[in-house]
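> Quick one: this structure, given as C-alpha cells, is what I'll be asking you about.
The values are calculated or read from the model by the stated rules, or taken from the named source; none is laboratory data. Bear in mind the structure is a predicted one, so any value in this text is a computation, not a measurement. Glycine also receives a Cβ, built like all others from the backbone with ideal geometry; neighbour counts cover every protein chain displayed. Heavy atoms of the whole protein, side chains included, go into the accessibility calculation; ligands, DNA and RNA do not. Shrake-Rupley method; radii C 1.70, N 1.55, O 1.52, S 1.80 Å.
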Amino acid sequence: MNSDLIVVGAGIVGLAHALEGVRRGLKVTVIERDHRCVGASIRNFGFITVTGQPAGDTWRRARVSRDVWVEVATQANIPIEHRGLWMIAHRPLAADVLQAFMRTSMANGNRLLEAEAAAREAPELQLDGAQAVMHSPHEVRVESRQAIPRLAAWLAERHGVQFLFGEAVLEVDAPRVRTSQRTLHAERIVICPGTELNGVGSESLASFGLKLTRLQMLRVKPQSGFRLSAAVMSDLSLVRYGGYAALAEAAALKTQLVEEEGPSLEAGIHLIVVQSADGSLVIGDSHHTFDTPDPFAFDDVDELIMAHAYKALKLTQSRIIERWTGVYPTGGPGDCLIRAPDPRTRVVVVTSGTGASTGFGIAREVFDAW
Ligand SMILES: Cc1cc2nc3c(=O)[nH]c(=O)nc-3n(C[C@H](O)[C@H](O)[C@H](O)COP(=O)(O)OP(=O)(O)OC[C@H]3O[C@@H](n4cnc5c(N)ncnc54)[C@H](O)[C@@H]3O)c2cc1C
C-alpha cells in the first residue's frame with residue numbers, strides 16, 4: 001500500500017498535516033495507534049486563541065489556523081460554539097497590562113471597556129470591582145471531542161484520506177514505515193506523536209529535554225439559562241499567556257499575584273471558561289510538569305480553579321459533572337518543534353498548550369518550507 005504522504009498521529013497536528021497534504025494534491029494515509037484520538041486534541045478547551053498568543057510564530061500561526069477552522073467547520077459539520085474572548089482585569093495592575101496590550105498591533109480589532117460598559121454587553125460576567133475588560137473578536141470555540149472525529153471523517157469522506165486506526169507505527173526509515181500490522185511506503189512522512197516522546201521521531205527530540213505537563217479540567221453545569229457570550233479569562237492569564245506576559249507592565253502584576261495568589265501560581269492555574277451547546281461550561285486549568293506525568297488529580301486544585309470561575313462569572317449554581325486530565329509536551333525553544341531528520345521526514349511537536357490554535361498554520365508552514 002503506497003501513499004504520497006504518511007502522517008503518524010491523528011491528533012489535531014496530524015490532521016492538519018493530512019489536510020495540507022490533500023490540498024497539495026497528495027494521496028494521504030494517517031496512522032493512529034489508538035482506535036480513535038483520545039489525546040490532548042480532544043481533552044482541550046477547543047478554544048482557538050489568537051489574542052494573547054506570543055508575538056511572532058505562534059500569533060501568526062494562530063491567525064491562519066483560526067481562519068482554517070472557520071472554513072473547515074462549515075464543510076465538516078463542526079459547530080462554532082461561540083466566538084471572541086472577554087479578558088477581565090480585576091486588579092489595577094492587570095488593567096495596566098491590558099492598556100499596554102491595546103497599544104500593540106496584536107490588539108487590532110480589540111476593545112478595552114470599563115466594567116459598566118462590559119456588564120451591559122455581557123451580563124453573565126461578575127464585574128464588581130473589576131478595573132477593565134478587554135473584548136477580542138478573534139477567537140472561536142469548537143467542541144473538541146466532536147470536532148476531531150468529524151474532521152477525520154470529513155478528511156476520509158471528502159478528501160479520500162485513508163485512516164488506519166488501532167495501528168502503532170513502530171519504525172520510520174523513509175520511505176518505509178513499519179507498523180504493528182504491516183509495512184507501508186510514502187514519499188513523505190510527517191510524525192506528529194504528541195506526548196509520545198520516546199517512540200518514532202524521538203531521536204529528533206532527544207536534545208531538547210522535553211517534559212510533559214499535566215492539566216486538570218472540569219465540566220460544570222451552571223444554573224439554567226446561563227449563557228456565555230464569549231470565552232472568559234482573567235488576571236492570572238495575563239502572566240501566563242506570552243502575548244501579555246512579555247509586556248513590561250506584566251512584571252508588577254506578577255509580583256502582586258505571587259503575594260496574593262501563591263497557591264494558584266504554584267499549581268500553574270489560570271482561568272479559561274468556554275461553553276458547550278448543552279449549556280455546560282468547560283473550566284480550567286492547572287499545570288504540573290513531570291518526566292512521566294503523575295496519574296493523580298487533586299481536589300484542592302479543582303477548588304482553586306472553581307474559586308477563580310466564581311470571581312469571574314455570575315454563577316449561582318455549579319455542579320461538576322466531569323473531571324479529566326490532559327497532557328502536552330513542554331520545553332524546548334518556542335511553542336513548537338519542527339525537525340527534519342532526513343529529507344523525506346518531518347517531526348512536528350507542539351511544546352505548549354497552543355496546538356488547537358496553531359496546528360493548521362504550522363502544517364502550512366511545514367509544507368511551504370519542504
Ligand atoms: C487539557 C488541555 C487543554 C488545552 N487547551 C488548549 C486550548 O484551549 N487551545 C489550544 O490551542 N491548545 C490547547 N491545548 C493544547 C492542544 O490540545 C495540543 O497542543 C494539541 O492537541 C496537540 O496535538 P497533537 O496532535 O500534537 O497531539 P495529540 O492530540 O496527543 O495526538 C497525538 C496522537 O499521536 C498518536 N501517536 C503517537 N505515537 C504514535 C505511533 N507511534 N503510532 C501511531 N500513533 C501514534 C497518539 O496516539 C495521539 O493520538 C490543551 C491541551 C490540554 C491537554
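> Within the stretch 86-108, can you find the residues that are farther than 21 Å from Glu261 by Cβ and not in a helix (DSSP H, G or I)?
Correct list: Arg103, Thr104, Asn108.
> Hey, can you tell me all the residues within the stretch 265-302 that are assigned to a loop (DSSP other than H, G, I, E, B) and of a type in the set (Phe, Trp, Tyr)?
Scanning the stretch 265-302 gives Phe296, Phe298.
> Still on this structure, please answer the following. I'd like the full set of residues that are within 19 Å of Ser286 (Cα to Cα) and either of a type in the set (D, E, K, R) or within 17 Å of the chain's Cα centre (by Cα) (or both), limited to the stretch 224-238.
Of everything in the stretch 224-238, those that are within 19 Å of Ser286 (Cα to Cα) and either of a type in the set (D, E, K, R) or within 17 Å of the chain's Cα centre (by Cα) (or both) turn out to be Ala231, Val232, Met233, Asp235, Ser237, Leu238.
> Which of (1) more than 7 Å from the ligand (Cβ to nearest atom); (2) crowded, with 24+ Cβ neighbours inside 10 Å does Ile31 not meet, given it meets every other one?
Result: Ile31 passes all but (1).
> Further question: Listed residues Arg63, Arg43; which is at pLDDT 95 or above, open to solvent by 40 Å² or more (accessible area, probe 1.4 Å) and within 10 Å of the ligand (Cβ to nearest atom)?
Arg43
> Being open to solvent by 30 Å² or more (accessible area, probe 1.4 Å) and farther than 19 Å from Glu143 by Cα, is that true of even one residue in the stretch 265-283?
yes
> Another question, if that's okay. Please find, within the stretch 13-24, the residue that is nearest to Ser144 (Cα to Cα) out of those that are within 14 Å of the ligand (Cβ to nearest atom) and either touching a Pro at 6+ places or on another chain (Cβ under 7 Å) or open to solvent by 10 Å² or more (accessible area, probe 1.4 Å) (or both).
For the stretch 13-24, the residue satisfying everything is Val13.
> For the stretch 71-108, name all the residues that are open to solvent by less than 60 Å² (accessible area, probe 1.4 Å) and at positive phi.
Answer for the stretch 71-108, where residues must be open to solvent by less than 60 Å² (accessible area, probe 1.4 Å) and at positive phi: just Gly84.
> Across the stretch 322-364, what is the number of residues that are surrounded by 21 or more Cβ atoms within 10 Å (Cβ to Cβ) and in a strand (DSSP E or B)?
10
> While we're on this one: Which numbered condition trips up Leu212, out of (1) surrounded by fewer than 21 Cβ atoms within 10 Å (Cβ to Cβ); (2) over 17 Å from the mean Cα position of the chain (by Cα)?
(2)
> If Arg188 satisfies every condition in (1) within 13 Å of the ligand (Cβ to nearest atom); (2) touching a Phe, Trp or Tyr at 6+ places or on another chain (Cβ under 9 Å) but one, which is the exception?
The one condition Arg188 does not meet is (1).
> Among residues belonging to the stretch 39-55 that are closer than 18 Å to Val349 by Cβ and assigned to a loop (DSSP other than H, G, I, E, B), point out the one that is farthest from the chain's Cα centre (by Cα).
Looking at residues that are closer than 18 Å to Val349 by Cβ and assigned to a loop (DSSP other than H, G, I, E, B), I get Pro54.
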